[in-house]
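Report on one structure; see the data block that follows.
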Amino acid sequence: MAVAQLTEFDIVIAGAGMVGASLACLLADTPLRIALIDRLPLTPASSSEEHELSSDKFDPRVSAISQASQQLFRDIGVWDGIAAKRACNYQAMEVWDAEGTGSISFSATQISEPELGSIVENSIITAMLHNRIAQLENVTAISLFSIESFESIEDERGSRIEINASEGQSIRAGLVVAADGANSKLRQLANFECREWDYEQHALVTTVRTEREHLNTARQRFLETGPLAFLPLRVAQHDDDQHFCSIVWSMLPEQAERMQALSEAEFNTELAAALEFKLGAIKWSDKRFVFPLRQRHAIDYVKDNIVLVGDAAHTIHPLAGQGVNLGLLDVRALAEELTGGIQAGRSIADSVVLARYQRRRKGNNLSMMWLMEGFKRLFAQQDLGIRWLRNMGMNAADKMMPVKNQMVRKAMGLDN
């Protein structure tokens with residue numbers, strides 16, 4: 001074990017993923033001394049530039065980046081680098097019910113926007129953020145820091161938090177931001193109360209090559225056992241190959257176990273049929289990964305000198321791809337409130353400042369979570385009458401352009 005070292009900061013951000021690293025970048029122009037800690041090594045600043053992306057190998061973890069999230073990445077100077085690597089802008093989305101004739105489609109042209117969003121591999125986003133972190137003078141990146149415990153202390157600078165790592169190092173700050181994911185160690189140690197339940201579904205994710213081109217369109221079919229999404233991928237910035245998609249298939253645990261056991265040929269056949277062969281046959285599929293789905297929401301996002309953001313505060317069903325976008329909206333709001341508080345002469349952990357952040361984000365996150373929960377439960381219903389009403393409702397909504405366009409603008413983060 002390393003000899004214990006104590007380091008002083010104004011803010012410690014726990015978690016160097018997309019949400020935590022974005023917050024550090026958003027606070028780059030402040031006088032704050034920031035530590036960005038993670039239990040895993042941070043991506044070396046040069047690695048994303050040296051690494052050549054494979055034309056047939058994608059990160060199985062992708063995110064549907066909304067326009068609001070794109071703007072955040074532009075503001076901190078990383079979007080051009082992300083887009084230059086590979087990001088698939090999608091201009092349309094098709095959604096339909098497997099148990100009837102109901103369907104709804106969305107188009108960027110209908111709302112006079114260039115695209116609805118972009119599908120990007122998480123590893124590309126994280127690498128570009130870590131490149132940017134390496135350029136910031138007020139941010140210290142500390143990797144291989146596994147949080148073991150923390151304690152509240154009073155010193156000459158007031159109320160502070162001291163975080164101890166299992167590696168023997170300790171750091172101290174006036175404010176700690178937990179961006180350490182759905183299973184947040186800090187949230188657990190600080191005993192934040194959460195409402196949570198199991199969706200009784202697992203998500204299967206992989207990358208596939210399809211017979212037909214995806215035409216920069218995201219597709220989602222609501223099956224009896226859960227939604228199946230095909231998200232378009234792009235091989236490279238100037239490559240017109242439109243045959244790769246990332247899939248997210250929510251299904252019952254026993255179905256996921258069976259799918260994992262299938263051969264590639266068997267899986268490809270079942271997958272193509274599940275999408276009604278909209279993209280023809282599945283020519284190739286990569287390794288499959290399965291993880292359980294769970295809904296979780298912290299009762300409060302703030303407790304003393306600790307604040308929750310992203311998945312540490314809330315997790316949501318992946319059916320609309322809103323998880324990381326909600327987290328990025330969290331850190332945008334938190335950065336704005338912290339910056340405003342500093343300019344007003346308030347302390348970094350001022351309860352009024354942190355309460356403003358919670359008010360801005362809690363209601364928005366809850367409304368999106370309950371909307372997704374409602375969709376999930378509605379499409380799980382197999383009663384004939386409910387299925388009929390569901391299909392009629394989808395078809396009616398598809399014809400109500402103002403309502404439909406408001407729905408898609410909300411999902412894009414343009415009206416938050």
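Bear in mind these aren't lab numbers, they're just calculated from the coordinates by the rules spelled out. All values derive from a computational prediction rather than experimental measurement. In this analysis, Cβ positions are derived from the backbone assuming ideal geometry, glycine residues included, and neighbour counts consider all displayed protein chains.
Full extension of the chain between ALA281 and ARG258 yields a length gain of 6.2 nm, computed as 0.36 nm times the residue separation minus the alpha carbon distance.
Taking loop as defined by DSSP and a crowding limit of 16 other beta carbons within 10 Å, which GluC sites (Glu not before Pro) in the range 190-254 fit? Passing sites in the range 190-254 are GLU193, GLU211, GLU213, GLU224. Under 5 Å from the amide H of ILE65 lie the amide H atoms of SER118, ILE119, VAL120, each residue being 5 or more positions distant or on a separate chain, with H modelled from the backbone and absent for Pro and chain starts. Applying D = kT/(6 pi eta Rh) to the range 149-296, where Rh is the Kirkwood radius over alpha-carbon pairs, T corresponds to 10 °C and eta to 1.306 mPa s, the Stokes-Einstein value obtained is 85 µm²/s. Residue separation of SER146 and GLU224 scaled by 0.36 nm, minus their Cα-Cα distance, works out to 24.0 nm of gained length. If you wrap the Cα atoms of the range 219-333 in a convex hull and average its projected area over all directions, you get 9.8 nm².
For the range 131-173, report the % of Cα-Cα distances exceeding 15 Å. The proportion of pairs with Cα distances above 15 Å equals 54 percent. Shape annotation for the range 80-120: C-alpha extents along the principal axes are 43, 22, 6 Å, from largest to smallest.
Within the range 63-165, list the trypsin sites (Lys or Arg not before Pro) lying in a DSSP loop whose Cβ has at most 16 other Cβ atoms in a 10 Å radius. In loop regions of the range 63-165 (DSSP not H, G, I, E or B), the sparsely surrounded trypsin sites (Lys or Arg not before Pro) are ARG157. Which of LYS278/LYS362; LYS85/LYS303; LYS85/LYS185; LYS185/LYS362 have a Cα-Cα distance over 28 Å? As for pairs spanning more than 28 Å Cα to Cα, those are LYS278/LYS362; LYS85/LYS303; LYS85/LYS185. Near ASP241, the amide H atoms lying under 5 Å from its own belong to VAL235; only residues 5 or more places off or on other chains count, and H is placed 1.01 Å from N.
Calculated FRET efficiency, ARG346 to SER105, Cβ-Cβ distance, R0 = 45 Å: about 0.40 to the nearest 0.05. Put in line by how crowded their Cβ is, counting other Cβ atoms within 10 Å and starting with the fewest, LEU228, LEU271 read LEU228, LEU271. Please give the Cα centre distance for the range 275-301 versus the range 172-186, rounded to the nearest Å. Answer, in whole Å: 27. Apply 1/(1 + (r/R0)^6) to the Cβ-Cβ distance of ASN183 and GLU336, taking R0 = 35 Å, and write down the FRET efficiency to the nearest 0.05. Taking R0 as 35 Å, the efficiency between ASN183 and GLU336 is 0.80.
Summarising the label geometry, the points placed 7 Å from Cα in the beta-carbon direction at GLU137 and GLU156 lie 2.5 nm from one another. A simple rule links phi to the HN-Hα coupling: the Karplus curve 6.51 cos²θ - 1.76 cosθ + 1.60 with θ = phi - 60°, which for the range 295-300 gives 8, 8, 8, 6, 4, 10 Hz, with x for Gly and Pro.
Sorted ascending by nearby beta carbons within 10 Å, beginning with the fewest, ILE299, ILE119 become ILE299, ILE119. Compared with the alpha-carbon gap, the fully stretched path from TRP197 to PHE289 is longer by 30.9 nm at 0.36 nm per residue.
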